[in-house]
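Take a look at the structure below.
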Number of protein chains: 2
Amino acid sequence: MRIGLDVMGGDYAPDAAVSGAILARQVLPDNITLVLIGDKARIEELLKAKGSTSAGYEIIHSSEVIEMNDHPAKAFSQKTQSSIFIGYQLLLSGKIDGFASAGSTGAMMVGAMYTVKSIPGIIRPSIAASIPKINGQSAVLLDVGLNPDCKPDILYQYGILGSLYSEFVYKIQKPRVGLLNIGSEEEKGNILTKAAFQLMKGSSDFNFVGNIEGTDIFDDNVDVIVCDGFVGNIVLKQAETLYKLSCERKIKDEYFDRFNYENYGGTPVLGINSNVIIGHGVSNDIAIKNMILHTRDVINANLPPKISEFFK
Amino acid sequence: MRIGLDVMGGDYAPDAAVSGAILARQVLPDNITLVLIGDKARIEELLKAKGSTSAGYEIIHSSEVIEMNDHPAKAFSQKTQSSIFIGYQLLLSGKIDGFASAGSTGAMMVGAMYTVKSIPGIIRPSIAASIPKINGQSAVLLDVGLNPDCKPDILYQYGILGSLYSEFVYKIQKPRVGLLNIGSEEEKGNILTKAAFQLMKGSSDFNFVGNIEGTDIFDDNVDVIVCDGFVGNIVLKQAETLYKLSCERKIKDEYFDRFNYENYGGTPVLGINSNVIIGHGVSNDIAIKNMILHTRDVINANLPPKISEFFK
């Protein structure tokens, strides 16, 4: 397996990315190659400075960087020597099996749509996040920001995408899919969720268990939480405050620690023809390490053909 | 001052309501009368059983109850001997200064619209909730469920309502109003928040400080958080999990305790011509006590004429 990492992506790149790669390298088996995409001289210098050899890495040089404030579509089209552009070329040609970046989410999405493309039948790909449940397991929350304005049929597809992700990445049998709503009853909600409920009810495409509310997010009622990207983004960021608040209150707790973004390991883009993981812009070395390990799990789950099969 | 309490409202009525009234009575001065609306014989029996006299109370008999699963509009029109119907008659005729209930939110809203009515100029009244900030203060979050589908001009009005509430109930000078969104930049958001931002920008009606994100909800960046009722309801219920999770993890912390719904004391309905507070259906005696004390604060703030003045 070959995992591509955008070494130039993220607020603390390339330093944090190289450190994270070294941490991941220490736990990955030899048959996995880490393909580091970025300024070659700088990467070699950093590896050396951190006391690491080049064994187990392959370095692909890129001379440009897409910055966080660049216009995503313009930057992707014009900066053809950037790490993100080159990463997607490698992914498209099969030279890497998955591509992870803590760089510009916009440019990563543009790259995905321009190169590996959406799976036919998918209306809108989605970014999914992991939500730590109080029982120790994880729920999948989607969408968490890609599609702030959704139609009911898009939410329906998120039920399918989330289900497949839960089944093949988290190994949950018949994942329970819940619609995030403002009441448990069928007739509750806004225009979007009321219509989505009617589409999901009795679905044979996934195991729909009905509405869940804000109080249920961390419980073990569901394995997949479906909502539009506006709501999902706010829910995810509010969930992240659990760790922040516990630190401010000087509470040390294993469960609250799970909300530390470092452990998330990035969010996969679901519904495209390849394995792409997008990390937090503020990723440090531990976050990058976990993003690489998560990319391995996503590659192993081999979702794109399974999703394609579903939408044939 | 005369505070009306629906003794028949809530899952543990009338027992919890009478106990809560007794707890409130112990801390309220003599010039405040608690008007208990409900089954008179039952109330007298409960007061006696709990070792309390009738001093400081006035009991208004009601022979019907609007149940949680009754159709709100039908029930309010037909059950004219119910505690909610009678409570609104008392409010309308000025025999009570404020009305609090942990009963059917739907029937309480129907009652408000049929009797005391919206303030002219208000497109949609709102239910506001208190969000405990990490610095010890409280932010106002609105709407938390009344209007799951909002237009930009409704959000704009929520900026005004929240500001007046923050200023006169929480005594905050020039409250900072934030728009809950999925990015800090002006161009971020869904269709609704992008349009609302343009309306709010440069407003002279309130002190708009821009977008806030899910990570900022408990920080001291703003005093008023504006969002539609769908998002607000989920944010509020997710905030309530802070207390629930801290209990499950056996964490005892003063800040996390503030998320216990018992302390909320109910949510005020803003934008109507009187003082109405709606409590949690599961309210116990402490929650009812705090709802009564909060009703006193809201009556003291005397918001309806101030809101009317604004919308003239």
Checklist outcome for this item: Computed for chain A: size of charge dipole around the Cα centre, +1 on C-beta of each Lys and Arg, -1 on C-beta of each Asp and Glu, debye to nearest 20, value 440
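Need the full-extension length gain, A:GLU58 to A:ASN221, defined as separation in residues times 0.36 nm minus the C-alpha distance. One decimal, nm. Please list the in-between numbers first.
Values: separation 163, 0.36 × 163 = 58.68 nm, distance 4.35 nm.
Result: 54.3 nm gained on full extension.
Compute, for region A:23-178, the length of the dipole vector about the Cα centre, with Cβ point charges of +1 (Lys, Arg) and -1 (Asp, Glu) only. Units Debye, rounded to 20. If you can, show how the numbers build up before the last one.
On the way: 15 positive and 13 negative charges, 67 e Å.
Computed about the Cα centre, the dipole is about 320 debye.
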Next on the checklist: Counting protein heavy atoms only and a 1.4 angstrom probe, how many square angstrom of accessible surface do chains B and A bury in total, to the nearest 100?
Outcome noted: 3500
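May I ask for the net charge around A:ILE66, where only other residues with Cβ less than 15 Å from the Cβ of A:ILE66 are counted and Lys, Arg are +1 while Asp, Glu are -1?
Net local charge, A:ILE66 excluded: -4.
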Checklist entry - Where the label is 7 Å out from Cα toward Cβ, how close does A:LYS312 come to the same position in every other copy, in nm, shortest first? => result 7.2
Next on the checklist: I'd like to know which of B:LEU92, B:ASN260, B:SER308 lies farthest towards the positive end of the charge dipole of chain B, counting +1 on Cβ of Lys and Arg and -1 on Cβ of Asp and Glu.
Outcome noted: B:LEU92
Next on the checklist: Using the basic label-point model (7 angstrom from Cα toward the beta carbon), what is the A:GLN173 to A:ILE191 distance in nanometres?
Outcome noted: 4.3
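Express the Stokes-Einstein translational diffusion coefficient of region B:202-259 in µm² s⁻¹, to the nearest whole number, given a Kirkwood radius over alpha-carbon pairs, 37 °C and a viscosity of 0.692 mPa s. Numbers along the way, then the final one.
Working: Rh = 13.3 Å.
The diffusion coefficient I find is 246 µm²/s.
Cα convex hull of region B:81-239: how many Å³ per residue?
Values: hull volume 19.4 nm³, N = 159.
Taking the convex hull of the Cα positions in region B:81-239, it is 122 Å³ per residue.
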Next on the checklist: For a quick check of understanding: with a 1.4 angstrom probe and all protein chains in place, what accessible area in square angstrom does A:THR80 have, to the nearest ten?
Outcome noted: 60
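Given C-alpha coordinates of region A:219-312, what is the ratio Rg to Rh with the Kirkwood estimate of Rh? It would help to have the intermediate numbers written out before the result.
Working: Rg = 15.4 Å, Rh = 15.1 Å.
That ratio equals 1.02.
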Checklist outcome for this item: Inter-copy distances for A:ILE134, label 7 Å out on the Cα-Cβ vector, sorted ascending, nm, one decimal, are 2.3
Checklist entry - Picking from B:LEU5, A:SER204, A:MET68, whose Cα lies most toward the positive end of the charge dipole for the protein assembly as shown (charges on Cβ: Lys, Arg +1; Asp, Glu -1)? => result A:SER204
Checklist entry - On the accessible surface of chain A, probed at 1.4 Å, how many percent belong to carbon and sulfur atoms? => result 50
Item to check | Kirkwood Rh, angstrom, region B:90-157 [1 / mean 1/r, Cα pairs] | outcome: 14.1
Checklist entry - Copy-to-copy spacing for A:ASP11, label 7 Å out on the Cα-to-C-beta vector, in nm, shortest first? => result 4.1
Checklist entry - Out of every Cα pair in region B:1-69, what percent are spaced more than 14 Å from each other? => result 54
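Can you compute the charge dipole magnitude of the protein assembly as shown about its Cα centre, using +1 on each Lys and Arg Cβ and -1 on each Asp and Glu Cβ, nothing else charged? Give it in debye, rounded to the nearest 20. Write out the running numbers ahead of the final one.
Working: 58 positive and 70 negative charges, 38 e Å.
Here the size comes out at about 180 debye.
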Checklist outcome for this item: At 37 °C and 0.692 mPa s, the Stokes-Einstein diffusion coefficient in µm²/s for the protein assembly as shown, with hydrodynamic radius from the Kirkwood sum on alpha carbon pairs, is 126
Next on the checklist: With every atom except the alpha carbons ignored, what do you get for Rg and Dmax of region B:122-167, in angstroms?
Outcome noted: 11.1, 34
Item to check | Accessible surface, per residue, of region A:96-203 when the full set of protein chains is kept, probe 1.4 Å, Å² | outcome: 35
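Across the residues of B:240-249, average count of Cβ atoms on other protein chains within 10 Å? Could the numbers behind the result be given before it?
Numbers: counts 3, 10, 6, 0, 4, 9, 8, 0, 5, 7.
Per residue, the average neighbour count from other chains is 5.
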Item to check | Spread of Cα-to-Cα distances over 20 Å intervals beginning at zero, given as percent, for chain B | outcome: 34, 57, 9, 0
Checklist entry - Hey, what angle do you get for helix B:229-248 against the long axis of chain B, alpha-carbon based, 0 to 90 degrees rounded to 10? => result 70
Checklist entry - Relative to the isolated chain, which residues of region B:142-159 have their accessible area cut by 40 Å² or more in the presence of all protein chains (1.4 Å probe, heavy atoms, no ligands or nucleic acids)? => result B:ASP149
Next on the checklist: I'd like the distance between the alpha-carbon centres of region B:175-252 and region B:7-32, rounded to an integer number of Å.
Outcome noted: 33
Checklist entry - Calculated from DSSP H runs of 4 or more alone, at -39500 (n - 2.57) each and per residue, what is the 222 nm mean residue ellipticity of chain B, nearest 500? => result -12500 deg cm²/dmol
Next on the checklist: Suppose a student asked you for the relative contact order of chain B, using Cα pairs under 8 Å spaced at least 6 residues apart; what percent would you report?
Outcome noted: 23
Checklist entry - Which percentage, to the nearest 5, of the DSSP beta bridges contained in chain A is antiparallel? => result 25
Next on the checklist: Just to compare against my own numbers: the Cα pair-distance distribution for region B:1-126, 5 Å bins, whole % per bin, please.
Outcome noted: 2, 12, 22, 23, 19, 12, 7, 3, 1, 0
Checklist entry - Relative contact order (percent) for region B:73-171, with alpha-carbon contacts under 8 angstrom and 6 or more residues of separation? => result 18
Next on the checklist: I'd like the orientation of helix B:83-92 relative to chain B: the angle between its Cα long axis and the longest Cα principal axis, in ° from 0 to 90, rounded to 10.
Outcome noted: 70
Next on the checklist: Only protein chains counted, 1.4 angstrom probe. Which residues of region A:214-233 are at least 20 Å² less accessible in the assembly than when their chain is isolated?
Outcome noted: A:GLY214, A:THR215, A:PHE218, A:ASP219, A:PHE230, A:VAL231, A:ASN233
Item to check | Selection from B:PHE218, B:GLY229, B:TYR243, by position along the positive dipole direction of region B:200-262 (Cβ) | outcome: B:TYR243
Item to check | Label-point gap, in nm, between B:LYS312 and A:LYS40 - each point 7 angstrom along Cα→Cβ | outcome: 7.6
Next on the checklist: Just to be sure I understand the curve: with the Debye formula and one point per C-alpha of region A:171-277, what is log10 I(q)/I(0) at q = 0.10, 0.14, 0.18, 0.22 Å⁻¹?
Outcome noted: -0.36, -0.69, -1.05, -1.28
Next on the checklist: For the ranges A:227-235, B:276-284, B:193-201, what's the packing order if you count other beta-carbon atoms within 10 Å of each residue, average per peptide, and put the highest first?
Outcome noted: A:227-235, B:276-284, B:193-201
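Order of A:38-46, B:245-253 by packing, highest average Cβ count within 10 Å first? Mind dumping the intermediate values first?
Working: A:38-46: 18.0, B:245-253: 15.3.
Per-residue mean Cβ counts within 10 Å order the peptides as A:38-46, B:245-253.
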Checklist outcome for this item: Taking Cα atoms only, helix B:40-49 is inclined relative to the longest principal axis of chain B by an angle, in degrees rounded to 10, of 90
Next on the checklist: Just the number please: accessible area per residue for region B:208-271, 1.4 Å probe, all protein chains included, in Å².
Outcome noted: 30
Checklist entry - Given R₀ = 56 Å, FRET efficiency for B:ASP297-A:LYS252 by Cβ-Cβ distance, to 0.05? => result 0.95
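The values are calculated or read from the model by the stated rules, or taken from the named source; none is laboratory data. Remember, predicted model here, so these are calculated numbers, not experimental data. Every residue, glycine among them, receives a Cβ derived from its backbone with ideal geometry; neighbour counts consider all protein chains shown. For accessibility, only protein heavy atoms count, side chains too; no ligands or nucleic acids. Shrake-Rupley method; radii C 1.70, N 1.55, O 1.52, S 1.80 Å.
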